[in-house]
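Notes follow the structure.
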Amino acid sequence: MNTAADIKDTGFEQELAQHIVTALNMEINPAGIDPLAPLYGDAGLGIDSIDVLEISLVITKQYGVQLRSDDENNVRIFSSLRNLANHVQQYRIK
Amino acid sequence: MPSIPLLKYRQPESVFAWQDGNAISAQRFLTDVVSLAELLPARSHILNLCNDRYRFLVGFSAALLRGQISLLPPNQTPDLLNRLKQHYADLYCLTDAADYRGPLETLHFPDLSQLVLPPTSIPEIPASQIAAIVFTSGSTGNPMPNEKSWGSLTRSVTAEAQRLSILDRGNLTLLGTVPPQHMYGFESTALIALQAGVILHAAKPFFPADIGAALNGIPGPRALITTPVHLRTLVASDVDLPELELIVCATAPLTRELAMQAVTRFGAPLREIYGFTEAGQIASRDTATTDVWQTLDGLSLREEDGVIYVSGGHVVGELPFSDVAELHSDTTFSLHGRTADLINIAGKRTSLASLNHHLNAIDGVLDGVFFMPEEHDGNTVRLAAFVVAPDLDTREILAALRLRIDPAFLPRPMHKVDALPRNATGKLPRASLATLLQQYKGAA
């Protein structure tokens, strides 16, 4: 099982950050996203549930990963860019 | 006094709901309602926050039996709940989230599964009883109440079911992606199961894969009750759905293009519903083939001094449209853009006046305004905001807003400016704000 510390493929984190920033029309530099900061809420990227739908679409299109809300790891998956990147890397089929 | 049964078109043993893959009979539902009603505290107003749609409807029905009014506010921010508490002093909340913590006295939905009660007859509810108060966002931050009687609500969902051709369809299951706590989901996924003889699905699937799994987990036939945001994501995903009999969409305007894509992709008719909080649902159209709205049965329209009024059917009195519309006959119309002040994102409603009030109420904000850009590409439109606040950074302003407004309305982007482009009369022309936003986009 991967934990946040296992994978340090920051290149992939950057690629995913770029997809998220583009999908959400955010006016920020993807390289400026702290990979360990929470995605939800005002402490980090400040995304909300509509954004999560947009992100899920990008992840499905780019990597073939279908997100499920009853995944018990969901809280962890969306807790940071790094955890989201780990999840996508683990289950990607393209 | 005329009364209307809680439940219609149901035999005791027929399936009333699907919950976690299990069928719940109409008899079991009635037993749960009567049992819960006995456990509710003696109060007059309830805030029903149950996430599970079945538990929500049991809670609503139990409250109805006890003569308690269900409040349906536009959001559940701490600011709004405290305002409600001030106005409805005995308000309590019912929740099925074990870890829920809020400002109201809380009743956790009890486990009713072990109760074995004798068969219950179907309760009758007085038609004039106030069943719910639905709130719109007022311009002063205080929500505006709209009382809904049991008679009006039941007439509304019956007219809807007739229009959707699903009245007394017995084995048709309605799966909703919208919460039952807002008017559309309240009527079209919850009340409709009580009054129209269709089956409720307890889940509220979110991701496209969730919707697929929920639909695949029940026997057909199936209908999907959703919004443009969810529909767009669903169409764009490659999730396989089982055969759908009907797709219903509401809350924000649906484009012809997306409607046609959905019809082609899922092979089901798509019917869009239009309404507003004061009147409830008003009209429908088959968006893939027409722009013209047809009023629900019993309703009629008239125009006076450029304002369109609706009356008849479930509408109490005569109510003005809040949107700009063109009348074609006394039962058909076209919408020409929704009224600029009303904001609707993913089924959540507010007004620019309300948002501006909350923004300017933050300590340190000297002047501020929200701005709704024109719809551009297929993406969900987001609000922008311009703020004059020399001593705050945008993160601090966002944190303060988060306590007061629904996250769906948080501005993106928010720009700090030295002054707003107010004209000589102090107004903020839309064109000036559009230009300002464009300047920031150009600079990014």
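Of all the numbered requirements in (1) part of a helix (DSSP H, G or I); (2) touching a residue at least 60 places away in the same chain (Cβ under 8 Å), B:Q261 misses one, and that requirement is (2).
Counting only helices (runs of 4 or more DSSP H) wholly contained in region B:7-87, the ones carrying 3 or more residues that are under 26 Å from B:M144 (Cα atoms), in the same structural domain as B:Q129 (by TED's automatic domain parsing) and modelled with pLDDT of 95 or more occupy B:53-65.
Which one of these is of a type in the set (D, E) and either on the phi > 0 side of the Ramachandran plot or surrounded by fewer than 21 Cβ atoms within 10 Å (Cβ to Cβ) (or both): B:D20, B:D32? Reasoning before the result, please.
Details: B:D32 fails: either on the phi > 0 side of the Ramachandran plot or surrounded by fewer than 21 Cβ atoms within 10 Å (Cβ to Cβ) (or both).
Among B:D20, B:D32, only B:D20 is of a type in the set (D, E) and either on the phi > 0 side of the Ramachandran plot or surrounded by fewer than 21 Cβ atoms within 10 Å (Cβ to Cβ) (or both).
A residue that is at pLDDT below 85 and more than 12 Å from every other protein chain (Cβ to nearest Cβ) occurs somewhere in region A:59-73. For region B:192-206, the condition holds for no residue, the condition being that it is over 18 Å from B:L167 (Cα atoms) and more than 20 Å from the chain's Cα centre (by Cα). Scanning region A:11-22 for residues that are farther than 16 Å from A:F78 by Cα and either of a type in the set (D, E) or within 13 Å of chain B (Cβ to nearest Cβ) (or both) gives A:E15, A:T22. Taking the conditions (1) part of a helix (DSSP H, G or I); (2) at pLDDT below 80; (3) not acidic (D, E) in turn, A:M26 satisfies each one other than (1). A search for C-beta distances below 8 Å between a residue of region A:19-38 that is surrounded by fewer than 17 Cβ atoms within 10 Å (Cβ to Cβ) and any residue that is hydrophobic (A, V, I, L, M, F, W, C) and not in a helix (DSSP H, G or I), counting only pairs 6+ apart in sequence or on different chains, returns A:E27/B:A444; A:L36/A:A4; A:A37/A:A43; A:A37/A:L45. Across region B:394-434, the number of residues qualifying as without any contact (Cβ under 8 Å) to a residue 12 or more places away in the chain, of a type outside the set (A, V, I, L, M, F, W, C), away from every other protein chain (no Cβ under 11 Å) and farther than 14 Å from B:N360 by Cβ comes to 5.
Going through B:T189, B:T173, B:T158 one at a time, which residue ends up being in contact with a strand residue (DSSP E or B) (Cβ under 7 Å, 6 or more places away or on another chain) and closer than 22 Å to B:Y274 by Cβ?
On inspection, the qualifying residue turns out to be B:T189.
Does B:V315 qualify as being buried (at least 19 other Cβ atoms within 10 Å of the Cβ) and within 25 Å of A:I50 (Cα to Cα)?
Spelling it out, it is not the case that B:V315 is buried (at least 19 other Cβ atoms within 10 Å of the Cβ) and within 25 Å of A:I50 (Cα to Cα).
Do we have B:S128 as over 21 Å from the mean Cα position of the chain (by Cα), at pLDDT 95 or above and either under 30 Å from B:L398 (Cβ atoms) or in a loop (DSSP other than H, G, I, E, B) (or both) here?
Working: over 21 Å from the mean Cα position of the chain (by Cα): yes; at pLDDT 95 or above: yes; either under 30 Å from B:L398 (Cβ atoms) or in a loop (DSSP other than H, G, I, E, B) (or both): yes.
Spelling it out, B:S128 is indeed over 21 Å from the mean Cα position of the chain (by Cα), at pLDDT 95 or above and either under 30 Å from B:L398 (Cβ atoms) or in a loop (DSSP other than H, G, I, E, B) (or both).
Among the strands (runs of 3 or more DSSP E) contained in region B:313-388, which hold 1 or more residues that are away from chain A (no Cβ under 14 Å) and modelled with pLDDT of 75 or more? Even if it seems obvious, please write down each step before you answer.
Working: elements: B:318-320, B:325-327, B:332-335, B:342-345, B:348-351, B:367-371, B:384-388.
Hits in region B:313-388: B:318-320, B:325-327, B:332-335, B:348-351, B:367-371, B:384-388.
Pairs linking a residue in region B:87-100 that is in contact (Cβ under 8 Å) with a residue 12 or more places away in the chain to a residue that is surrounded by 14 or more Cβ atoms within 10 Å (Cβ to Cβ) and among the charged types (D, E, K, R), with Cβ atoms under 6 Å and 6 or more positions apart or on different chains, are B:D90/B:R43; B:L91/B:K85; B:Y92/B:R43; B:D96/B:D52; B:D96/B:R55.
Being among the acidic types (D, E), closer than 24 Å to B:A193 by Cβ and touching a residue at least 24 places away in the same chain (Cβ under 8 Å) is a property that does not hold for B:E303.
Working only within region B:420-439, note down all residues that are under 20 Å from B:E374 (Cβ atoms), assigned to a loop (DSSP other than H, G, I, E, B) and out of contact with any Leu (no Cβ under 9 Å at 6 or more places or on another chain). Write out each step before concluding.
Going residue by residue through region B:420-439, those that are under 20 Å from B:E374 (Cβ atoms) are B:420-421, B:427-439.
From what is left, the residues that are assigned to a loop (DSSP other than H, G, I, E, B) are B:420-421, B:427-429.
Within region B:420-439, B:K427, B:P429 meet the criteria.
The values are calculated or read from the model by the stated rules, or taken from the named source; none is laboratory data. Please read all numbers here as calculations on a predicted model, not as lab measurements. Note that each Cβ is placed from the backbone with ideal geometry, even for glycine, and that neighbours are counted across all protein chains shown.
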